[in-house]
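Asker: Mind looking over this structure? Questions follow.
The values are calculated or read from the model by the stated rules, or taken from the named source; none is laboratory data. This one's a predicted model, so the numbers in the text were calculated from it and none came from an experiment. Quick reminder, even Gly has a Cβ in these numbers, built from the backbone with ideal geometry, and neighbours come from all protein chains shown. Remember, those area values only see protein heavy atoms, side chains included, never the ligands or the DNA or RNA. Shrake-Rupley method; radii C 1.70, N 1.55, O 1.52, S 1.80 Å.
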Amino acid sequence: MNAPIDPRKFQNPVTTAKGEKRASVFFKELKTLWFNSGSLCNIECANCYIQSSPTADHFIYLTPEDMAPYLDEIDEMYAHKIEIAFTGGEPYLNPHMIRLSEMALERGHELLILTNAMKPMMRPRVQKGLLDLQARFPGKMTLRVSLDHFSQEGHDQERGEGSFDIALKGMAWLTEHNFTLNIAGRSMFSESEIAARQGYAHLCKVQGWNIDAQDPAVTILFPEMDENVDVPEITVACWGILDIHPDSMMCATSRMVVRRKDEDRASVLACTLLWDDPQFETGKTLKESLGPVKLNHPHCAKFCVLGGASCSA
Ligand code: SF4
Ligand code: SF4
């Protein structure tokens, strides 16, 4: 069994429990701006890190009015285009989702949408909108579908009975219409990464999906996120010891916009992972939010610095 986290750790943003200088990540450039479309989801998974469910309303639906100022800020900051990514909840529950996607594409950005490819995505109005965007902006949109495991058993254990078959129908529809697809899996199951990738490769072949299960940027296997398990704190010396550059952390190149239910405007968070810790709310505008991020959370250590995973494409 894993040891519980030492309560003296992750208390002071500047120093660690041992009194050493805590590591920070300085903002480098914006490669991906994430938008949380809302925390509502059509299902309730056993290990949803953002606590989405059919009743979760901590993040309300993002609207075109919420999104537009951030797209304007990107245009002011950069001459080039970036990646705009949507996560949830399930984005296709948000009634504005097609328009939000269109707004990103109209500005020339690449678009990534995380979805469970279940019933909300399969509603005729959403399908029609997706097909229209696909025709108008060919090659600019990727859908990353959550398939926790390549087996029905493993996936349904996490997401509820029958969810694997429903997601497969969604994948079949997306494949039939030539959408670019990624898979988001989980490494929680006991097999090695090699075995997991072989399992996904077999599933892709049987289902006729054009998805490379061996490419970690296309079939992404996320580690579990348990902030109660003990992890080392990250000091400034760690970068050299581990031979990792702080610029490779997600918070050097990304931010996430959310709309909290009790607030009258959207906020910007340091990353997609730390959505309920006020230390990681970095501002209301993009420009306000580009200061250094102090790695004062177990996820920073376990998931990013030591685990090496990234939520971006
Ligand atoms: S489908 Fe995704 S957002 Fe919805 S509950 Fe499951 S993990 Fe959370
Ligand atoms: S969890 Fe990772 S991306 Fe988020 S603030 Fe910590 S190091 Fe940065």
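Asker: Could you derive backbone 3J(HN,Hα) for the stretch 231-243 from the dihedral phi with the Karplus parameters 6.51, -1.76 and 1.60 (θ = phi - 60°), listing whole Hz in sequence and x where the residue is Gly or Pro?
Answerer: Listing the rounded values in order: 9, x, 7, 9, 9, 4, 5, 4, 4, x, 4, 8, 6 Hz.
Asker: I've got another one for you. As I understand it, the dipole of the stretch 24-305 uses +1 on the Cβ of Lys and Arg and -1 on the Cβ of Asp and Glu, about the Cα centre. Which of Pro64, Pro298, Thr115 lies farthest toward its positive end?
Answerer: Checking the options against the dipole of the stretch 24-305, the answer is Pro64.
Asker: Could you give the size of the charge dipole of the stretch 206-313 about its Cα centre, using +1 on the Cβ of each K and R and -1 on the Cβ of each D and E, expressed in debye and rounded to the nearest 20?
Answerer: Numbers: 9 positive and 16 negative charges, 95 e Å.
Using only the charged Cβ atoms, the result is roughly 460 debye.
Asker: Just order 87-99, 8-20 by mean Cβ neighbour count inside 10 Å, highest at the front, would you? Write out the running numbers ahead of the final one.
Answerer: Working: 87-99: 22.8, 8-20: 13.8.
Final packing ranking: 87-99, 8-20.
Asker: Would you work out the relative contact order for the chain, in percent, from Cα pairs under 8 angstrom that are 6 or more residues apart?
Answerer: About 25 percent, as a whole number.
Asker: Give the accessible surface of the stretch 24-305 per residue, rounded to a whole number of Å², with probe radius 1.4 Å and ligands, DNA and RNA excluded.
Answerer: On the way: 11990 Å² over 282 residues.
Heavy-atom accessible area per residue stands at 43 Å².
Asker: While we're on this one: Could you give each residue of the stretch 19-29 its phi-based ³J(HN,Hα) in whole Hz, using Karplus coefficients 6.51, -1.76, 1.60 with θ = phi - 60°, and x for Gly or Pro?
Answerer: Using θ = phi - 60°, the values come out as x, 8, 6, 6, 5, 10, 10, 8, 5, 9, 7 Hz.
Asker: Still on this model: For a Förster distance of 30 Å, can you work out the FRET efficiency between the beta-carbons of Gln214 and Glu20, rounded to the nearest 0.05? It would help to have the intermediate numbers written out before the result.
Answerer: Values: r = 39 Å, r/R0 = 1.30.
Plugging the Cβ-Cβ distance into 1/(1 + (r/R0)^6) gives 0.15.
Asker: Say each of Asp247 and Lys31 gets a label point 7 Å from the Cα, pointing the same way as Cα to Cβ; how far apart are those two points in nm?
Answerer: 1.0 nm
Asker: So what's the net charge close to Arg197: Lys and Arg +1, Asp and Glu -1, counting the other residues with Cβ under 10 Å from its Cβ? Intermediate results must be reported in sequence, preceding the final value.
Answerer: On the way: positive: none; negative: Glu191, Glu193, Asp212, Asp215.
Net charge around Arg197: -4.
Asker: Label 7 Å along Cα→Cβ of Leu131; the stretch 147-171 residues with amide nitrogen under 18 Å?
Answerer: The answer is 169-171.
Asker: What number results when the radius of gyration of the chain, computed over Cα atoms, is divided by 2.2 N^0.38 Å?
Answerer: Numbers: Rg = 19.3 Å, N = 313, 2.2 N^0.38 = 19.5 Å.
After normalising by residue count via 2.2 N^0.38 Å, the value is 0.99.
Asker: Further question on the same structure: If amide H atoms are built 1.01 Å from N in the plane of the peptide, which residues on other chains or at least 5 residues away come under 5 Å of the amide H of Phe86?
Answerer: For Phe86, whose amide H was placed from the backbone, the distant partners under 5 Å are Phe35, Leu112, Ile113, Leu114.
Asker: Let me ask another. Under a 5 Å amide H to amide H cut-off, with H placed in plane at 1.01 Å, what residues pair with Leu221 once short-range neighbours are removed?
Answerer: Excluding prolines and chain starts, which carry no amide H, the hits are Gly185.
Asker: In addition: Given the C-alpha centroids of the stretch 158-181 and the stretch 21-43, what is the distance between them in whole angstrom?
Answerer: 26 Å
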